[in-house]
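Here's the structure, in structure tokens; my notes come after.
The values are calculated or read from the model by the stated rules, or taken from the named source; none is laboratory data. Every value quoted in this text rests on a predicted model; they were computed, and no experiment measured them. Cβ: placed from backbone, ideal geometry, glycine included. Neighbour counts: every protein chain shown. Remember, those area values only see protein heavy atoms, side chains included, never the ligands or the DNA or RNA. Shrake-Rupley method; radii C 1.70, N 1.55, O 1.52, S 1.80 Å.
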Amino acid sequence: MRKYATALFIAASLALTACSGDGEPKASDSPPPTKEDIAYHDCLKDNGVKITHTDYGAPRVDKDDPSAKENLPAAAEACKDKLPPMPSPQQADPQVIAEARAEAKCLRENGVAWFPDPDPVTGDLNDRAVTPEQMAELKTQHVDALKKCKTNRGSDNAVLGG
């Protein structure tokens, strides 16, 4: 259980410090850092993790610092009481959820019996419900089913990546 909790804290730390696309997010992409974000990253810094700040002031783990990977697990454990709560998932449009369910049902009807239903709130594929091996199999051995069943719902987590 302790290893699971530590892994969860590390994942949350990386999620809080991750950026998508090319470089750092733009100011318009993210809300300003909360007091909790700042306190958590200050704690990480106090525990040996180099912190940098985006152009709009948000603290982030300096991924270019070689010691970040080494120091982050222990720092995340030491700072777990300051870890900000994860934001609630945004409710997807009911049409998006319906399309995702139809896509999953179609895949199961076309030979991908293990394919899970989408997240009932976001409509996204639950990455924890499938293994990397299953996703590789899906994209290599079930191409016809993917083409037949793919919707154009545009989600980043749609079966073929949107």
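For segment 101-115, which positions are assigned to a helix (DSSP H, G or I) and open to solvent by 70 Å² or more (accessible area, probe 1.4 Å)?
Keep residues of segment 101-115 that are assigned to a helix (DSSP H, G or I), which gives 101-109.
Of everything in segment 101-115, those that are assigned to a helix (DSSP H, G or I) and open to solvent by 70 Å² or more (accessible area, probe 1.4 Å) turn out to be ARG101, LYS105, ARG108, GLU109.
With respect to the numbered conditions (1) open to solvent by less than 90 Å² (accessible area, probe 1.4 Å); (2) in a loop (DSSP other than H, G, I, E, B); (3) within 23 Å of PRO32 (Cβ to Cβ); (4) of a type outside the set (Gly, Ala, Ser), which one is the sole condition not fulfilled by THR52?
(2)
Within segment 136-153, which residues are open to solvent by less than 50 Å² (accessible area, probe 1.4 Å) and either touching a strand residue (DSSP E or B) at 6+ places or on another chain (Cβ under 9 Å) or within 24 Å of GLN90 (Cβ to Cβ) (or both)?
If the condition is that a residue be open to solvent by less than 50 Å² (accessible area, probe 1.4 Å) and either touching a strand residue (DSSP E or B) at 6+ places or on another chain (Cβ under 9 Å) or within 24 Å of GLN90 (Cβ to Cβ) (or both), then THR151, ARG153 are the ones that fit.
Tell me which residues, restricted to segment 122-135, are open to solvent by less than 60 Å² (accessible area, probe 1.4 Å) and touching a residue at least 24 places away in the same chain (Cβ under 8 Å).
THR122, GLY123, ASP124, LEU125
When residues of segment 39-60 are filtered for being at pLDDT below 90 and aliphatic (A, V, I, L, M), how many remain?
Counting residues in segment 39-60 that are at pLDDT below 90 and aliphatic (A, V, I, L, M) gives 1.
Of the residues ASP93, ASP64, ASP119, which is out of contact with any strand residue (DSSP E or B) (no Cβ under 7 Å at 6 or more places or on another chain), open to solvent by 70 Å² or more (accessible area, probe 1.4 Å) and modelled with pLDDT of 90 or more?
Sole residue among the options that is out of contact with any strand residue (DSSP E or B) (no Cβ under 7 Å at 6 or more places or on another chain), open to solvent by 70 Å² or more (accessible area, probe 1.4 Å) and modelled with pLDDT of 90 or more: ASP93.
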